[in-house]
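Participant: Questions regarding the structure given below will be posed in turn.
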């Protein structure tokens, strides 16, 4: 299971400890192998050397805990599909232009007339 909005990492060292707290003194609750994939939940607010991870996501033996950050390489995000590109980068017209075309033209003419009157009054 892989959520495209999530950040994942790959364990770089053999026998990486997963700890209950973000500290080298935290209780070891599991160990990971080199190449294991982990979901990165967050980084420690106090010490950015630790990351909160979910290992073996979607399996019965999944575990949440903290790992030493330098031992986990962050995966680059997956490339966008053409549908995602369209959803993200296609600018949407402001609500004004989503009304019917006639209403937009009339409102534009009214705005132009008011602007012209203001220019004449202020000149």
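Participant: Contour minus end-to-end for residue 42 and residue 123, with contour as 0.36 nm per residue of separation and end-to-end as the Cα-Cα distance?
Facilitator: 23.2 nm
Participant: Based on the alpha-carbon gyration tensor of the range 7-74 and its eigenvalue square roots a ≥ b ≥ c, which shape applies: rounded if a/c is under 1.5, prolate if not and a/b is larger than b/c, or oblate?
Facilitator: Because its axes are fairly even, with a/c under 1.5, the range 7-74 counts as rounded.
Participant: If packing is taken as the average count of other Cβ atoms within 10 Å, what order do 61-72, 22-33 fall into, highest mean first?
Facilitator: Descending mean neighbour count gives 61-72, 22-33.
Participant: Grab the beta carbon distance between residue 20 and residue 75, set R0 = 22 Å, and tell me the FRET efficiency rounded to 0.05. Walk me through the numbers before you get to the answer.
Facilitator: Values: r = 25 Å, r/R0 = 1.13.
The value I calculate is 0.30.
Laboratory data are not the source of any read-out in this text; all were calculated from the coordinates shown. Everything numeric in this text was worked out from a predicted model, so none of it was measured. When we count neighbours, we look across all protein chains shown, and the Cβ atoms used for this are built from the backbone with ideal geometry, even at glycine.
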